[in-house]
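Let me begin by presenting the structure, written as structure tokens, before commenting on it.
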Amino acid sequence: MARAQPRYVCQDCGTISVKWAGRCENCGAWNTLSEETQSPPIGGGSKARTNGHVVGLKNLTLSDEAPERTLTGNVEFDRVVGGGLVAGSALLVGGDPGIGKSTLLLQIAASLARYGHRVVYISGEESANQIRLRASRLNVSDASVELGTATSTSDIIATLKRGTAPRLVVIDSIQTMWDERIESAPGTISQVRASSQALIHYAKEHDTTIVLVGHVTKDGQIAGPRVVEHMVDAVLYFEGDRGHRFRILRGVKNRFGPTDEIGVFDMTGKGLIEVENPSALFIAKRDKSAPGAAVFSGIEGSRPMLVEIQALVAPSSLGTPRRAVVGVDSARLSMILAVLEARCGVSLAGRDVYLNVAGGLKIQEPAADLAVAAALLSSLNGVPLDEGSVWFGEISLSGALRPAAQTAARIKEAAKLGFNSAIIATSDDISDSLPDELEISEHDSLSSLVDHLTRSSD
């Protein structure tokens, strides 16, 4: 038998090197090369099969049968995955340590078990007693969840094959799993890839939904090879700031539903509670008389959501003024400041600028530009904005305003929560069925908005 040759694999990008180096030549990351022993290919050798089986081919005609889904009883989770768990699907859930991933999945497992389904929870990080303590705190100890602690994928699959196939299997976490055919440490690229492949193969073969918990890097990305994200059917990120009680479950990939859908949860001492109306929660208890606050009507997935954008513009004692941003892309703020100065004559060069999205939500869509600009101008002039107004629209480099998608849905959400006016970019996509009690003010340029706010402050 040929001797296995050692190799060095970058744990960030997967590049293979024959010798160790402090820096990966491909991605430039430092101290990411880990030694792995290259095993003989599985199924290779003189006895390898040379003649393949005939693969059945089908046409493109759509079947009338929709994919079988199972509701978990958690409305927010079911919304993010597209309306329930699909039989034979694989989900990857990532998030910062301590953010609540295990708490959420234990609640989902208990909820599904109470409907009479077989649910298996496998932990490679915690002992059974630790999980029982969490279950007691969450008041789910009575649920018939089958609990196991193991890290060997062959042992786990052998256990799952005994009895009826489970409806849901939770693996916490995939970085602790190892395949005995791979001669490398758990958590390395080879082990994560092989373990994921074995578990996903079981899920497809037995119509079981499997949820893999993944660690994240310091950049917020799921650790390990990106090939795992391509192998699974859905990738979910559990986001939130420990300084805030709210948690956001965001879908960034979903083969069976819309992407960028979010679910909102409230972290309490008894676990995660679903938030049915996030808009009312994010704009609750706001100081309506303070300058520098604008309410943005955004779209997260298919859900309209209102959030408060707060800005503070203050004189700077530094040679280079500060630009501190929380919840919005800092590059986007720099662009808005540049447009305000170049196109509208509003200079903020000698002032510190602080921008924050209330509630810990992260806004990614450019439609928030108009609300950001309004909050900045309000703080600069020291005049509060109209408390009954919402703002949305995209700012271009020329100073022109571009309309946001789904304008009607944004306006209807604002009217439902008692707002009486909407300041938006000029749009042709305004439905005739909009609420009559809400006044719409359209602007085609940022300078027009500046004039509007100047007249309001006089």
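On inspection, residue 3 fails the criterion of being more than 30 Å from residue 250 (Cα to Cα), of a type in the set (Lys, Arg) and at pLDDT 85 or above. Within the range 121-136, being surrounded by 16 or more Cβ atoms within 10 Å (Cβ to Cβ) and of a type in the set (A, V, I, L, M) holds for 122, 131, 135. Just one residue in the set 434, 385 is part of a loop (DSSP other than H, G, I, E, B), surrounded by fewer than 20 Cβ atoms within 10 Å (Cβ to Cβ) and touching a residue at least 24 places away in the same chain (Cβ under 8 Å); that residue is 434.
Take the conditions modelled with pLDDT under 90 and buried (at least 17 other Cβ atoms within 10 Å of the Cβ) and apply them to residue 360. Does it pass? So that I can check it myself, show each step before the final result.
Numbers: modelled with pLDDT under 90: yes; buried (at least 17 other Cβ atoms within 10 Å of the Cβ): yes.
Considered against the rule, which asks whether it is modelled with pLDDT under 90 and buried (at least 17 other Cβ atoms within 10 Å of the Cβ), residue 360 comes out as yes.
Mind checking which residues of the range 388-416 are at pLDDT below 90 and part of a loop (DSSP other than H, G, I, E, B)? Once the filter is applied, which keeps residues that are at pLDDT below 90 and part of a loop (DSSP other than H, G, I, E, B), the range 388-416 yields 405, 406.
Identify, by number, the condition in (1) surrounded by fewer than 13 Cβ atoms within 10 Å (Cβ to Cβ); (2) part of a helix (DSSP H, G or I) that residue 139 doesn't meet. Of everything listed in (1) surrounded by fewer than 13 Cβ atoms within 10 Å (Cβ to Cβ); (2) part of a helix (DSSP H, G or I), residue 139 misses just condition (2).
Select, from 328, 346, 307, 372, the only residue that is at pLDDT 95 or above and in contact with a helix residue (DSSP H, G or I) (Cβ under 7 Å, 6 or more places away or on another chain).
372
Check whether at least one residue in the range 48-68 is closer than 30 Å to residue 301 by Cβ, among the charged types (D, E, K, R) and modelled with pLDDT of 70 or more, and report yes or no.
Taking the range 48-68 and keeping what is closer than 30 Å to residue 301 by Cβ, we get 60-68.
If we keep only those that are among the charged types (D, E, K, R) as well, we get 64-65, 68.
Keeping just the survivors that are modelled with pLDDT of 70 or more gives 68.
Yes; the residues of the range 48-68 include at least one that is closer than 30 Å to residue 301 by Cβ, among the charged types (D, E, K, R) and modelled with pLDDT of 70 or more.
Is it the case that the range 143-166 has a residue that's within 24 Å of the chain's Cα centre (by Cα) and buried (at least 17 other Cβ atoms within 10 Å of the Cβ)? Within the range 143-166, none of the residues are within 24 Å of the chain's Cα centre (by Cα) and buried (at least 17 other Cβ atoms within 10 Å of the Cβ). Within the range 230-244, does at least one residue satisfy the condition of being over 15 Å from the mean Cα position of the chain (by Cα), at pLDDT below 90 and among the aliphatic types (A, V, I, L, M)? No: zero hits.
The residues in the range 311-352 that are more than 18 Å from residue 450 (Cα to Cα) and either in a strand (DSSP E or B) or touching a His at 6+ places or on another chain (Cβ under 9 Å) (or both) can be counted, and the count is 8. All told, residue 341 falls short of being within 23 Å of residue 420 (Cβ to Cβ), surrounded by fewer than 18 Cβ atoms within 10 Å (Cβ to Cβ) and not small (Gly, Ala, Ser).
Please enumerate the residues belonging to the range 234-255 that are of a type in the set (Val, Ile, Thr) and either assigned to a loop (DSSP other than H, G, I, E, B) or in contact (Cβ under 8 Å) with a residue 40 or more places away in the chain (or both). Before the answer, list the steps.
In the first step, residues of the range 234-255 are kept if they are of a type in the set (Val, Ile, Thr); the result is 235, 248, 252.
235, 248, listed by residue number.
The values are calculated or read from the model by the stated rules, or taken from the named source; none is laboratory data. What you see is a predicted model, and the numbers here were worked out from it, not measured in a lab. With ideal geometry, Cβ positions are generated from the backbone for all residues, glycine too; neighbour counts draw on all protein chains shown.
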